[in-house]
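See structure below.
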Amino acid sequence: MLPQVKVGVGCFVVRRVAGATQFLLGERHGGLSPGLWGLPGGHLEFGEQWSDCAQRETHEECGVNIADWRHVATTNDIFENSHYVTVFMKAEFDAERMRVKLAEPHKCKQWIWVSWEELCRRQSTLRNACTSKTSDLASVEFSPFHSLQSLQTLYANKYPPWLQ
C-alpha cells in the first residue's frame, strides 16, 4: 500500500497593534520537537471543512473561538517519506474580546505575538533544527511551519500581500 497524502491546516491568527500586524506562534513542549515554534493548526479530519478545522484547532490549542476564517495559501510539500498538503487559513484576532491561553499545556509551552520578519526568522530556526536532528522530516510531528518554507521561497521573506 502506498503512503497516504496528509492534509494539514495552518492558522494565521492575526492581530493589529498600533498599525503593526502580528502573528500568533506557539513554542512546542514535549513530543518530537520541543522548543520549536509553529502556527496553531493540525490535521484535517474526514469530512471537515477547512474553516471548521481552523476554528477547531485554534479553540483546542489557544482557547479562542474565531469563526471568520478565509483561505490564503496552499502548499504541496513532498519529503523523503511523507507528503503534506497544507492549507493556510487566516483570521483576525479581536484583542478586546478574546484572550489566548495555553489550552494544551502538554503540547505547547507558550503563545507569543510576532512580526512577519520574526516569524520568518523562527521558521529558519525550525528548519535548521529539523534537518540537524534527522534527515527525515517525516519523523517530526506535523507542523504547518514546515510548509512556510514554500511560502518564503515565493515571497523571499517579504510580507505576502494576501496576509494584509
message = Looking for something part of a strand (DSSP E or B) and either modelled with pLDDT of 95 or more or surrounded by fewer than 18 Cβ atoms within 10 Å (Cβ to Cβ) (or both) - is there at least one such residue anywhere in region 42-59?
response = yes
inquiry  = Looking at region 82-109, I want the residues that are without any contact (Cβ under 8 Å) to a residue 40 or more places away in the chain and of a type outside the set (S, T, N, Q) and have a partner that is outside any strand (DSSP E or B) and surrounded by fewer than 18 Cβ atoms within 10 Å (Cβ to Cβ) with Cβ atoms under 6 Å, at least 6 apart or on another chain. Which pairs are those?
reply    = K101/G63
note = K6 meets each of (1) within 24 Å of P105 (Cα to Cα); (2) touching a strand residue (DSSP E or B) at 6+ places or on another chain (Cβ under 7 Å) with one exception, condition (1)
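Hey, among V9, V14, which residue is surrounded by 23 or more Cβ atoms within 10 Å (Cβ to Cβ) and either in a strand (DSSP E or B) or touching a Gly at 6+ places or on another chain (Cβ under 7 Å) (or both)?
Values: V14 fails: surrounded by 23 or more Cβ atoms within 10 Å (Cβ to Cβ).
After ruling out the rest, the residue left standing is V9.
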query = For region 60-91, how many residues are small (G, A, S) and part of a strand (DSSP E or B)?
reply = 2
key: Filtered residues of region 92-115 (kept if within 12 Å of V13 (Cα to Cα), of a type in the set (A, V, I, L, M, F, W, C) and not in a loop (DSSP other than H, G, I, E, B))   = W111, I112, W113, V114
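The values are calculated or read from the model by the stated rules, or taken from the named source; none is laboratory data. These numbers come from a predicted model, not from an experiment. As a convention, Cβ positions derive from the backbone with ideal geometry for all residues, glycine included, and neighbour counts pool all protein chains shown.
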